[in-house]
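Novice: Let me begin by handing over the structure; questions about it come next.
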Amino acid sequence: MSLEITNVTRRYGEVTAVSDISLSMAPGERVALLGHNGAGKTTLMKMILGLTHLDEGSISVFGATPGSHAARSASSYLPENVAFHRSLTGREQLLLLARLRGVGRRPADELLERVGLHRAADRRIATYSKGMRQRLGLAQALLGKPRVAVLDEPTSGLDPISRGDFYNLVNELSSNGTAVLLSSHALTELEARTDRIAILLEGRLVANAPLAMLRSQARLPIRLRVAARPEKSDEVADRLGAVRTSGRSIEISCLQDEKLGHLGRIAALESLIEDVEVAPPSLEDLYRYYSGGGSI
Ligand SMILES: Nc1ncnc2c1ncn2[C@@H]1O[C@H](COP(=O)(O)OP(=O)(O)OP(=O)(O)O)[C@@H](O)[C@H]1O
Ligand SMILES: [Mg+2]
């Protein structure tokens, strides 16, 4: 395992920020860590990096104790609020880290290109926009091909195209065997881009499974949206025993095992309808479900 978290608890005075969490990650796995503000995501990440101690349990980073030289050289971190020497240029900052990590100049230059900072690389960081600083932070976290990359809200401040580019970099890392743990509040972008979803609720792990498994265990309704032909919506609604939601659209909510039956009845009305759309529960629906207290 690249990362093994076993029964970890961390308290801040009266607050139990992380409560008895166990979670492991295999090489190349991409895990999204979700949770409300204050759920314990950053605390868990800091413990993995050895930046804060744990009160109970144990963590192993590629077989090493967090904070040890071996663990530090196997892992990388993009903090929630990434800070730099503002008087350095982006390239200088990255080369500084490259030297510390024993990585050559070329990978640093290549990464600046990959995160789209090549044109701004020789400007002082003080002149960077928020998104540019975030890109530089990403370049730092990706430098030297870490075994475990811990990224705290890596896409915050990035525009949609840069987010797409970022997930391409994550895929590249993971296909080279890096385990990637990332936290995010942007649920829709995670759907197709992570292998497993872990949800924290007030410091406890309430879900930890691939999206498809979370879907089938939550048994949330699937929505079928039928678009009726002009003037036919009342008849379609009537024959399907459903309600019109707006205009010519009729919506049916059903469970997975009822879906095909409904689709059969809808198909039989072919002459009355224009289209049908199947909407499985979104990650946002699932997140609401699990963070509302349901657990697996
Ligand atoms: N240094 C600290 N001192 C005291 N309490 C802390 C400290 N750091 C975190 N906490 C508390 O621990 C809990 C978890 O905080 P944490 O920062 O891990 O949440 P988070 O899931 O990262 O939230 P967000 O989505 O807002 O970043 C919160 O109740 C927070 O107030
Ligand atoms: Mg946080």
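Novice: For segment 177-188, name all the residues that are away from ligand 1 (no atom under 16 Å from the Cβ) and not aliphatic (A, V, I, L, M). I'd like the intermediate steps shown before the answer.
Specialist: Of all residues in segment 177-188, those away from ligand 1 (no atom under 16 Å from the Cβ) come to 177-180, 188.
Within segment 177-188, GLY177, THR178, THR188 meet the criteria.
Novice: Let me ask something else. In segment 203-226, how many residues are of a type outside the set (Val, Ile, Thr), free of Cβ contacts under 8 Å to residues at least 60 places away in the same chain and crowded, with 16+ Cβ neighbours inside 10 Å?
Specialist: Summing the residues that are of a type outside the set (Val, Ile, Thr), free of Cβ contacts under 8 Å to residues at least 60 places away in the same chain and crowded, with 16+ Cβ neighbours inside 10 Å in segment 203-226 gives 2.
Per-residue answers, yes or no, for (1) of a type in the set (Gly, Ala, Ser); (2) outside the structural domain of GLY261 (by TED's automatic domain parsing); (3) more than 24 Å from SER22 (Cβ to Cβ); (4) under 16 Å from the mean Cα position of the chain (by Cα):
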| position | (1), (2), (3), (4) |
| --- | --- |
| ASP195 | no, yes, no, yes |
| ALA198 | yes, yes, no, yes |
| GLU202 | no, yes, no, no |
| ALA207 | yes, yes, no, yes |
| LEU211 | no, yes, no, yes |
| ARG225 | no, no, yes, no |
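Novice: What is the one condition in (1) loosely packed, with under 14 Cβ neighbours inside 10 Å; (2) within 16 Å of ligand 1 (Cβ to nearest atom); (3) over 17 Å from the mean Cα position of the chain (by Cα) that SER58 does not satisfy?
Specialist: (2)
Novice: Do the conditions hold for VAL243, that is, is it surrounded by fewer than 11 Cβ atoms within 10 Å (Cβ to Cβ) and in contact with a helix residue (DSSP H, G or I) (Cβ under 7 Å, 6 or more places away or on another chain)?
Specialist: Numbers: surrounded by fewer than 11 Cβ atoms within 10 Å (Cβ to Cβ): yes; in contact with a helix residue (DSSP H, G or I) (Cβ under 7 Å, 6 or more places away or on another chain): yes.
Yes; evaluated as a whole, the condition is true for this residue.
Novice: If you don't mind, there's one more thing I want to ask. Scanning segment 119-176 for residues that are assigned to a strand (DSSP E or B) and of a type outside the set (Val, Ile, Thr), which turns out farthest from ligand 1 (Cβ to nearest atom)?
Specialist: To start, the set of residues in segment 119-176 that are assigned to a strand (DSSP E or B) comprises 124, 148-152.
Subsequent filtering for residues that are of a type outside the set (Val, Ile, Thr) retains 124, 149, 151-152.
Values: ARG124: 28, ALA149: 17, LEU151: 13, ASP152: 7 Å.
Looking at the filtered set, the residue picked out is ARG124.
Novice: Here's a follow-up. Given the criteria in contact (Cβ under 8 Å) with a residue 60 or more places away in the chain, more than 16 Å from ligand 2 (Cβ to nearest atom) and over 26 Å from GLU191 (Cβ atoms), does ALA70 qualify?
Specialist: no
Novice: Determine the pairs where a residue that is touching a residue at least 40 places away in the same chain (Cβ under 8 Å), located within segment 95-117, has a partner that is among the acidic types (Asp, Glu) with Cβ atoms under 9 Å apart, the partner being 6 or more residues away or on another chain.
Specialist: Close Cβ pairs (under 9 Å, with a partner that is among the acidic types (Asp, Glu)) amount to ARG114/ASP165; ARG114/GLU172; VAL115/ASP165; GLY116/ASP165.
Novice: Under 9 Å between Cβ atoms, which residue pairs at least 6 apart in sequence (or on different chains) link something in segment 22-44 that is within 14 Å of SER291 (Cα to Cα) with a partner that is surrounded by fewer than 19 Cβ atoms within 10 Å (Cβ to Cβ) and among the aliphatic types (A, V, I, L, M)?
Specialist: These pairs meet every condition: LEU34/LEU187; GLY38/VAL15.
Novice: Sticking with this one: Is one or more of the residues making up segment 285-294 closer than 30 Å to ARG11 by Cβ, in contact with a helix residue (DSSP H, G or I) (Cβ under 6 Å, 6 or more places away or on another chain) and assigned by TED's automatic domain parsing to the domain that holds HIS36?
Specialist: no
Novice: Give just the number: which of (1) modelled with pLDDT under 95; (2) closer than 30 Å to VAL15 by Cα does SER233 not satisfy?
Specialist: (2)
Novice: Of everything in segment 3-47, what is within 13 Å of ligand 2 (Cβ to nearest atom), aliphatic (A, V, I, L, M) and in contact with a helix residue (DSSP H, G or I) (Cβ under 9 Å, 6 or more places away or on another chain)? Give them in sequence order.
Specialist: Correct list: ALA17, VAL18, LEU33, LEU34, ALA39.
Novice: Being surrounded by 15 or more Cβ atoms within 10 Å (Cβ to Cβ) and over 22 Å from the mean Cα position of the chain (by Cα) is the filter here, so list the residues in segment 61-91 that pass it.
Specialist: ALA64, PRO66, GLY67, ALA71, ARG72, SER73, PHE84, LEU88, THR89, GLY90, ARG91 - these are the residues of segment 61-91 that are surrounded by 15 or more Cβ atoms within 10 Å (Cβ to Cβ) and over 22 Å from the mean Cα position of the chain (by Cα).
Novice: While we're here: Residues ALA209, ALA108, ALA149, ALA192: which one is more than 14 Å from PHE84 (Cβ to Cβ), in contact with a Ser or Thr (Cβ under 6 Å, 6 or more places away or on another chain) and not polar (S, T, N, Q)? Spell out the reasoning first.
Specialist: Working: ALA209 fails: in contact with a Ser or Thr (Cβ under 6 Å, 6 or more places away or on another chain); ALA108 fails: in contact with a Ser or Thr (Cβ under 6 Å, 6 or more places away or on another chain); ALA192 fails: in contact with a Ser or Thr (Cβ under 6 Å, 6 or more places away or on another chain).
When all the criteria are applied, what remains is ALA149.
The values are calculated or read from the model by the stated rules, or taken from the named source; none is laboratory data. Being a predicted model, the structure only gives us computed values, none of them experimental. Neighbour counts run over all protein chains shown; Cβ positions are idealised from the backbone, glycine included.
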